[in-house]
Amino acid sequence: MPRKVAVALDSDTCSVEALEWLLKAFLTPKDEVSFVHVMDQRPIELPESEQCKKLRGYGYANLTELNNCVEKLHEAKAVEMMKEFAKQSLKRGIDAETVLLKGNVKYKLCEFAEKESINVFAVGSRGLGVASRMMLGSVSDYCVHNMKCPVIVVKCTGLCEKR
């Protein structure tokens, strides 16, 4: 029975490096592979200041339209990025499905792993310091502690260029 392997990917250099390492050292053509990208849906908000009230008066603050536009652009970029990752992996004999989710990255990755009965989940790690991890939270830390399947964390070395 093939392994079900999921790989969290985004445009960060650590994702690129993680995928490169996984393609060279871990994934096999027999694996059922899913490349997963989560679009974090945090709407743009304007504070209630005098300057922002003036902007609203000039028609610059239709935030619903702005948020919809940003979401559509992000989604189009994400689809293209995932197609490129899938194309790269296919050149190495790994056929991967691409999955685009929306919501909080940490929670959606864990939900996906459980829902799809993933055997192994792989994530890249930027190597945040202790303070950054405490303030921002680390997706890889969260996945390691909350997924029910084994999690491979590929440490970023910084050798790949930003996509």
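The values are calculated or read from the model by the stated rules, or taken from the named source; none is laboratory data. Fair warning: this is a prediction, and the values are worked out from it, not measured in the lab. Cβ sites come from the backbone with ideal geometry, for glycine too, and all protein chains shown count toward neighbours. When the accessible area is computed, the model is the full protein with side chains, heavy atoms only, and any ligands, DNA or RNA have been set aside. Shrake-Rupley method; radii C 1.70, N 1.55, O 1.52, S 1.80 Å.
May I ask you to rank K148, K155 by accessible area, largest first, using a 1.4 Å probe over the protein chains only? List each step's numbers first, then the result.
Details: K148 165, K155 140 Å².
Output order, biggest surface exposure first: K148, K155.
Run the simple label-point estimate for N67 and T28 please: 7 Å along Cα→C-beta, distance reported in nm.
Going by the 7 Å Cα→Cβ label model, 4.7 nm.
What is the extension gain from D40 to R92, computed as 0.36 nm multiplied by their sequence separation minus the C-alpha to C-alpha distance, in nm to one decimal?
15.7 nm
Would any residue of segment 1-28 have its amide N under 14 Å from a label point 7 Å out along Cα→Cβ of T157? List them or say none.
14, 16-25
Order D40, D31, D95 by their accessible area, 1.4 angstrom probe, all chains in place, largest first.
My answer, sorted largest first, is D95, D40, D31.
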